[in-house]
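This report concerns only the one structure given below.
The values are calculated or read from the model by the stated rules, or taken from the named source; none is laboratory data. Being a predicted model, the structure only gives us computed values, none of them experimental. Here the Cβ positions follow ideal geometry from the backbone for every residue, glycine too, while neighbour counts run over all protein chains shown. The accessibility values were calculated without ligands, DNA or RNA, using every heavy atom of the protein model including side chains. Shrake-Rupley method; radii C 1.70, N 1.55, O 1.52, S 1.80 Å.
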Amino acid sequence: NGQMRPLGSMPAFSYRSDAAVPPFPDDRPVFIFDGVCVLCSSGARWLMRHDRRQRFRYATAQSGTGAALYRHYGVELDATYLLLSEGLAYGKSDGYLQMCRLLGGRWRLLLVLGLLPRSWRDWAYDVLARNRYRWFGKVEYCQLLPASLRQSLLP
């Protein structure tokens, strides 16, 4: 149906009242990615370099903030990355569509992919996620992020 659906049924900003989630600035969307996955880290590095308007904040799933948010939403690291937008969590194909919406400009053209059934989009995402280490490899934590970008990660 083309609509993006947040993960779970938690209200917006529910993590703020979870004592296990450390406070963090959530005035902008937060992209939480696997910091040891070559594909994930390369994608995050690309986004960081091209996010000239600083629309997003970033964290790794292995960081204290990232791990706490994964636990809060009951999501396994191998299931999806997380995108927090307006206090709601998105993952898999809906998260990428939400990211394209937020990036604006020519990225909005990719929203046409939202016309595909979510089950098809998420199936393709799951295949890639299951095989990402085998196909693309693993690195030491945040090795692919230069120091100039690493310092912009949430703790």
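Can you report the number of residues in region 38-71 which are more than 22 Å from residue 131 (Cα to Cα) and open to solvent by 30 Å² or more (accessible area, probe 1.4 Å)?
Within region 38-71, residues that are more than 22 Å from residue 131 (Cα to Cα) and open to solvent by 30 Å² or more (accessible area, probe 1.4 Å) number 9.
Taking into account only those residues within region 84-99 that are assigned to a helix (DSSP H, G or I) and open to solvent by 20 Å² or more (accessible area, probe 1.4 Å), which is nearest to residue 50 (Cα to Cα)?
Here the residue is 96.
Taking region 130-155 as the search range and keeping residues that are over 14 Å from residue 36 (Cβ atoms) and either in contact with a strand residue (DSSP E or B) (Cβ under 8 Å, 6 or more places away or on another chain) or not polar (S, T, N, Q) (or both), which one is modelled with the lowest pLDDT? Write out each step before concluding.
Applying the first criterion (over 14 Å from residue 36 (Cβ atoms)) to region 130-155 yields 130-131, 135, 146-149, 151-152, 154-155.
Filter once more, so that each one left must be either in contact with a strand residue (DSSP E or B) (Cβ under 8 Å, 6 or more places away or on another chain) or not polar (S, T, N, Q) (or both): 130, 135, 146-147, 149, 152, 154-155.
Numbers: 130: 91, 135: 92, 146: 66, 147: 70, 149: 71, 152: 73, 154: 79, 155: 77.
Residue satisfying both the conditions and the ranking: 146.
Taking only pairs six or more apart or across chains, which ones have beta-carbon atoms under 9 Å, a first residue in region 128-144 that is closer than 17 Å to residue 60 by Cβ and in a loop (DSSP other than H, G, I, E, B), and a second residue that is of a type outside the set (A, V, I, L, M, F, W, C) and at pLDDT 90 or above?
Short answer, once both residue conditions are applied: 141/60; 141/62; 142/60; 142/62.
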